[in-house]
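The values are calculated or read from the model by the stated rules, or taken from the named source; none is laboratory data. Bear in mind that the values here come from a model prediction, so they are computed numbers and not experimental data. FYI the Cβ positions are ideal-geometry reconstructions off the backbone, even for glycines, and counts take in every protein chain you see. The area values use the complete protein model at the heavy-atom level, side chains included, leaving out ligands, DNA and RNA. Shrake-Rupley method; radii C 1.70, N 1.55, O 1.52, S 1.80 Å.
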2 protein chains.
Amino acid sequence: MTRLDLHADPVDIACALVDIPSVSGDEAVIAGAVESALGREAHLEVERVGNTVLAMTNLGRPERVVLAGHLDTVPVNENLPLRREGDVLHGLGTVDMKGGDAVFLHLAGTVTEPAHDLTFVFYDCEEVEAARNGLGRIERERPDWLRGDLAIVGEPSNAVIEAGCQGTMRIELRCTGKRAHTARAWMGVNAIHGLAEPLRRLAEYRARDVEIDGLTYREGLQAVRIGGGVAGNVVPDEAVLTVNFRFAPDRTPERAERHLREVFDGFDLSVVDCAAGALPGLSAPAAAGLIEAAGGKAAPKLGWTDVARFAALGMPAVNFGPGDPTLAHTREEHVSATEIRQVAQVLHHFLGK
Amino acid sequence: MTRLDLHADPVDIACALVDIPSVSGDEAVIAGAVESALGREAHLEVERVGNTVLAMTNLGRPERVVLAGHLDTVPVNENLPLRREGDVLHGLGTVDMKGGDAVFLHLAGTVTEPAHDLTFVFYDCEEVEAARNGLGRIERERPDWLRGDLAIVGEPSNAVIEAGCQGTMRIELRCTGKRAHTARAWMGVNAIHGLAEPLRRLAEYRARDVEIDGLTYREGLQAVRIGGGVAGNVVPDEAVLTVNFRFAPDRTPERAERHLREVFDGFDLSVVDCAAGALPGLSAPAAAGLIEAAGGKAAPKLGWTDVARFAALGMPAVNFGPGDPTLAHTREEHVSATEIRQVAQVLHHFLGK
């Protein structure tokens, strides 16, 4: 088994993590390596739940910071083992998110006298359906482990603090009609034609830009699926348009739904999937300290991440990790070693005394 | 093997035919019964090609009438064996088109001294893909058998002569875009949104009614399929709308395509499937004689049928058969015995001396 040295350069830790394959559902080996390494640190209380590894300090500090990173990756796509070229690490998981995991493991090993108490959560199954998510399991089974005053999720953010996150909602717009032979079309009602109007409204929709805590969130309303049709000579009696709404965290899911019902007034709309956003919460003291350590800069998080789970628990939560998120899930995933060290340095400054 | 008596009431022949199952591809038994029955008639020359049975008179008449009917049915749907209730025959194939086959078989047996020479074509595989169609096979392999001055196809037409037929064309309208994560939708181009405009034109399209030879054809332009989408969080880069155009026989396929390219000007259009229509041709002498025998009435044929194959050979061609075509392919298929006898009577009057 790979032995991880938490006192090494976080870039070397990242390389070691990348070379332990850990596609979702297959995280036993990497979780074992992480558990062993953390277990060697006397200042940490360590526990394992399935393939999630938990560690914390208990120093009686007034505030607690939770650092969370998932250990799994999407499937291998001709991008293992790791390839190191100068400053750049190429390979599956370099961006999403073993670079961030490496920084957190390095902090767990080296920040033995932190300014705030620390909790580390290295979890499994983030890249698959939400029901299997390891962080969700801890939330249900061991909620005490997630309590704190600030959460930092190490997802790639170009080494910029991304605060809050947008919500996401998927709706289906369903048109019904009446089947008929296309040679006698006037005997039927074409359900696909019925989608013309909702599709027009969608194409003409102008999404909001919303400023919150000095950050600008950009909403979006996008068709993600359309389907309908019975046979090449039949007027179809059903057609469905699926739309994904990414909404700024000033809207609750209820308000987001109400807005969509206004936009698509007159049509049969059902919500099939929803996750609330998270307000940035940058005015909370611990969050303000982190922003300061990072040079005062923060950006809005546009995608939905596990940050929202912490926000739902009432904690300010941010994304902060090395790597360009647009490279995540691509075969060409790669991260700069400089960026990994930069994130480690900011967090050392913030968490150390 | 069922022995068919061509001199019996055509209603009894229809009952016997319905009770010989003959789903497309499985017509050997029914073709055998038809071949035997026709072979017993001294005035006919009979030939079998696969499961298609051909018969003709050679009396040196100045004109020849071709009568064609398919022997196959769509799959059984809890509608066999035949159920006879008073005047009505219930069961698979009663409408499509063993009622018409029975009339033609009855004529083949009883009109021994016809006014015009007669050719009968009882063919297989009409209900499946065009490449397997028995009539198409005869057209390719034994085209002499289809020559004549008028063709009568016995498809159900409510015992009304339906003349000509509309053409049919299927096109695909393809929109392309650029993939992106829906959380950063402005980095992509949504292909489904691109369908809003062609779908609007389609929904607002007003189809023509066209009068030809006193018959009114009703065109139609209908979406028959729509599809697009990559994943619930991805701006899709391709979407396709499939449209079926039913066009009056005054348009050739070339003109129909040109019209659609005008309607959908600016969009990527490709023709995926096309069959020409057939002009009614009611002014030809043999056709005029038939209309007169039927009491002077004719209606336009709106669906595409094998009539168009004869029209393509330069022959006037009509549909004329018992039964309501809207019942075809339904489990509730049924036909009136009176209508079967009525069609037989009109054709006797027209073909006899």
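Scanning for something crowded, with 24+ Cβ neighbours inside 10 Å and touching a helix residue (DSSP H, G or I) at 6+ places or on another chain (Cβ under 7 Å), does region B:41-52 turn up at least one residue? Yes - at least one qualifying residue is present in region B:41-52. Here B:D5, B:D12 are screened, and the one residue that is out of contact with any Pro (no Cβ under 7 Å at 6 or more places or on another chain), at pLDDT 95 or above, open to solvent by 20 Å² or more (accessible area, probe 1.4 Å) and not in a loop (DSSP other than H, G, I, E, B) is B:D12. Only a single item in (1) hydrophobic (A, V, I, L, M, F, W, C); (2) open to solvent by 50 Å² or more (accessible area, probe 1.4 Å); (3) within 27 Å of B:A299 (Cβ to Cβ) is not met by B:A256, and it is number (2).
Screening the candidates A:L80, A:L59, A:L67, A:L38 for the property of being on the phi < 0 side of the Ramachandran plot, touching a residue at least 60 places away in the same chain (Cβ under 8 Å) and assigned to a loop (DSSP other than H, G, I, E, B) yields one hit, A:L80. Can you name the residue in region B:183-200 that is open to solvent by 60 Å² or more (accessible area, probe 1.4 Å) and touching an Asp or Glu at 6+ places or on another chain (Cβ under 9 Å) and is also farthest from A:M169 (Cα to Cα) among such residues? Selected residue: B:R200. Consider region B:159-182 and keep the residues that are crowded, with 23+ Cβ neighbours inside 10 Å and within 10 Å of chain A (Cβ to nearest Cβ). The one that is farthest from A:R201 (Cα to Cα) is B:C165.
Quick grid of which residues meet (1) under 24 Å from B:A180 (Cβ atoms); (2) among the polar types (S, T, N, Q); (3) assigned by TED's automatic domain parsing to the domain that holds A:G321:
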position	(1), (2), (3)
A:G229	no, no, no
A:D237	no, no, no
A:D250	yes, no, no
A:L282	no, no, yes
A:A293	no, no, yes
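Taken over region A:69-87, residues that are among the aliphatic types (A, V, I, L, M) and open to solvent by less than 40 Å² (accessible area, probe 1.4 Å) amount to 3. If you go through region A:206-226 and keep only what is open to solvent by 30 Å² or more (accessible area, probe 1.4 Å) and either under 21 Å from B:Q222 (Cβ atoms) or more than 9 Å from chain B (Cβ to nearest Cβ) (or both), you end up with A:R206, A:R208, A:D209, A:E211, A:D213, A:G214, A:T216.
Within 15 Å of the chain's Cα centre (by Cα), within 14 Å of another protein chain (Cβ to nearest Cβ) and within 24 Å of B:Y123 (Cα to Cα) - does that describe any residue in region B:276-290? So far as region B:276-290 goes, yes, one or more of its residues are within 15 Å of the chain's Cα centre (by Cα), within 14 Å of another protein chain (Cβ to nearest Cβ) and within 24 Å of B:Y123 (Cα to Cα). Of the listed requirements (1) open to solvent by less than 40 Å² (accessible area, probe 1.4 Å); (2) of a type outside the set (F, W, Y); (3) within 23 Å of A:A344 (Cβ to Cβ); (4) more than 21 Å from the chain's Cα centre (by Cα), A:V66 misses just one: (4).
Among all positions in region B:213-224, there is no residue which is touching an Asp or Glu at 6+ places or on another chain (Cβ under 6 Å), among the β-branched types (V, I, T) and at pLDDT 95 or above.
Checking A:T326 against (1) crowded, with 21+ Cβ neighbours inside 10 Å; (2) over 20 Å from A:D12 (Cα atoms), which single condition isn't satisfied? It fails just one condition, (1). Restricting the search to region B:331-353, which residues are assigned to a loop (DSSP other than H, G, I, E, B) and either within 30 Å of B:P143 (Cβ to Cβ) or free of Cβ contacts under 8 Å to residues at least 60 places away in the same chain (or both)? Result: B:G352, B:K353. Just one residue in the set B:A294, B:A328 is closer than 14 Å to B:E162 by Cα and in contact with a helix residue (DSSP H, G or I) (Cβ under 6 Å, 6 or more places away or on another chain); that residue is B:A294. Looking across region B:183-199 at every residue that is hydrophobic (A, V, I, L, M, F, W, C), in contact (Cβ under 8 Å) with a residue 12 or more places away in the chain and within 7 Å of chain A (Cβ to nearest Cβ), the one that is farthest from A:G303 (Cα to Cα) is identified as B:L199.
Any residue in region B:303-310 that is open to solvent by 30 Å² or more (accessible area, probe 1.4 Å) and among the basic types (K, R)? There is at least one residue in region B:303-310 that is open to solvent by 30 Å² or more (accessible area, probe 1.4 Å) and among the basic types (K, R).
The set of residues from region A:291-327 being under 12 Å from the mean Cα position of the chain (by Cα) and assigned to a loop (DSSP other than H, G, I, E, B) comprises A:K301, A:L302, A:G303, A:W304, A:T305, A:D306, A:F320, A:G321.
In this structure, A:F264 qualifies as away from chain B (no Cβ under 12 Å), touching a helix residue (DSSP H, G or I) at 6+ places or on another chain (Cβ under 7 Å) and open to solvent by less than 30 Å² (accessible area, probe 1.4 Å). On the stretch given as region B:309-323, residues that are out of contact with any strand residue (DSSP E or B) (no Cβ under 6 Å at 6 or more places or on another chain) and modelled with pLDDT of 95 or more total 1. Out of all the residues in region A:115-154, which are open to solvent by 10 Å² or more (accessible area, probe 1.4 Å), more than 21 Å from A:C274 (Cα to Cα) and in contact with a Lys or Arg (Cβ under 9 Å, 6 or more places away or on another chain)? Result: A:A115, A:H116, A:D124, A:R147, A:G148, A:D149.
Of the candidates B:V230, B:V235, B:V271, B:V243, the single residue that is within 12 Å of chain A (Cβ to nearest Cβ) and surrounded by fewer than 16 Cβ atoms within 10 Å (Cβ to Cβ) is B:V230.
When the test is whether a residue is outside any helix (DSSP H, G or I), open to solvent by 10 Å² or more (accessible area, probe 1.4 Å), at positive phi and touching a helix residue (DSSP H, G or I) at 6+ places or on another chain (Cβ under 8 Å), B:G281 passes it.
Does region A:249-261 contain any residue that is touching a residue at least 24 places away in the same chain (Cβ under 8 Å) and in contact with an Asp or Glu (Cβ under 6 Å, 6 or more places away or on another chain)?
Checking region A:249-261: not a single residue is touching a residue at least 24 places away in the same chain (Cβ under 8 Å) and in contact with an Asp or Glu (Cβ under 6 Å, 6 or more places away or on another chain).
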